[in-house]
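All remarks here apply to the structure that follows.
The values are calculated or read from the model by the stated rules, or taken from the named source; none is laboratory data. Quick caveat: nothing in here was measured; it's all calculated off a predicted structure. Here the Cβ is made from the backbone with ideal geometry for all residues, glycine too, and neighbour counts use every protein chain on show. Side chains included, ligands, DNA and RNA excluded: accessible areas come from the protein's heavy atoms. Shrake-Rupley method; radii C 1.70, N 1.55, O 1.52, S 1.80 Å.
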Amino acid sequence: MKLYLPTIADVPTLIEAWRRRLDGTTHQHFQEQILAQLESDPKTYLAQLDGAVIQVELELEDGSKVSRLPSISRYMWVDNAPVGRISLRYQPGQVELPPHVLGHIGYETFPWAQRQGYGTSALGQMLDIARERCSFLSYVELTTNADNLPSQKIITANGGIFIEEFEKPATSGGGLGRRYRITL
């Protein structure tokens, strides 16, 4: 598995993967927004994957809207196809994140590719990218749902230290979360 920055030629493959990911699932708020943007404006979607600051509005789970933070996003790529996605979100020049952003790094391994080590590998590779491209970050924080044991294992396998359990805000769907920190 390698982290891959897709090109315009990869858009049909990405759309197919997101449709497959969303097929038959209940509300998947942010995933639905990714698919919609891929279908309506793939050039802007691709440009923002590599840290370009593009004024794109993001709708949070409670319906409020915010400006999307810059991010470095990559797809987990196996056999010429995406098996997941990982993103490093940041505010240029500072470690702090706005209250509606629960962590610096978020990731998802698509259901058909889970439990194969892709998430663990992707997080390790993204930490290297963070060290290389975001020298202002001394650490990154990641959050999971309290019951998401596979994600917690991925984080701790990459040096994550448990910080706290907390109530997630409505802008992030609510519920109990766990916060971890990885020193860069």
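Below is a table of values for the structure above.
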{"read-out": "Condition broken by W112, with the remaining ones in (1) hydrophobic (A, V, I, L, M, F, W, C); (2) open to solvent by less than 70 Å² (accessible area, probe 1.4 Å); (3) within 25 Å of L14 (Cα to Cα) satisfied", "value": "(2)"}
{"read-out": "Any hit, region 64-80, residues being over 23 Å from L38 (Cα atoms) and open to solvent by 70 Å² or more (accessible area, probe 1.4 Å)", "value": "no"}
{"read-out": "Strands (runs of 3 or more DSSP E) lying entirely in region 121-184 (those with 2 or more residues that are among the polar types (S, T, N, Q) and surrounded by 19 or more Cβ atoms within 10 Å (Cβ to Cβ))", "value": "139-145"}
{"read-out": "Leading residue by the ranking (farthest from A122 (Cα to Cα)) among those in region 86-104 that are free of Cβ contacts under 8 Å to residues at least 40 places away in the same chain and crowded, with 16+ Cβ neighbours inside 10 Å", "value": "V101"}
{"read-out": "Verdict on R179 being touching a residue at least 40 places away in the same chain (Cβ under 8 Å), among the basic types (K, R), under 17 Å from G51 (Cβ atoms) and touching a strand residue (DSSP E or B) at 6+ places or on another chain (Cβ under 8 Å)", "value": "no"}
{"read-out": "Residue check, L97 within 15 Å of the chain's Cα centre (by Cα) and more than 27 Å from A17 (Cβ to Cβ)", "value": "yes"}
{"read-out": "Of the criteria (1) modelled with pLDDT of 85 or more; (2) over 21 Å from S172 (Cα atoms); (3) assigned to a loop (DSSP other than H, G, I, E, B); (4) of a type outside the set (F, W, Y), which one L46 fails", "value": "(3)"}
{"read-out": "Out of L3, L58, L69, sole residue that is in a strand (DSSP E or B), under 23 Å from S135 (Cβ atoms) and under 16 Å from the mean Cα position of the chain (by Cα)", "value": "L3"}
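Each row is one residue, and each column tells you yes or no for (1) touching an Asp or Glu at 6+ places or on another chain (Cβ under 8 Å); (2) at negative phi; (3) aliphatic (A, V, I, L, M).
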residue: L97; (1), (2), (3): yes, yes, yes
residue: H104; (1), (2), (3): yes, yes, no
residue: F110; (1), (2), (3): no, yes, no
residue: A122; (1), (2), (3): no, yes, yes
residue: A130; (1), (2), (3): no, yes, yes
residue: L149; (1), (2), (3): no, yes, yes
residue: I155; (1), (2), (3): no, yes, yes
residue: N158; (1), (2), (3): no, yes, no
residue: L184; (1), (2), (3): no, yes, yes
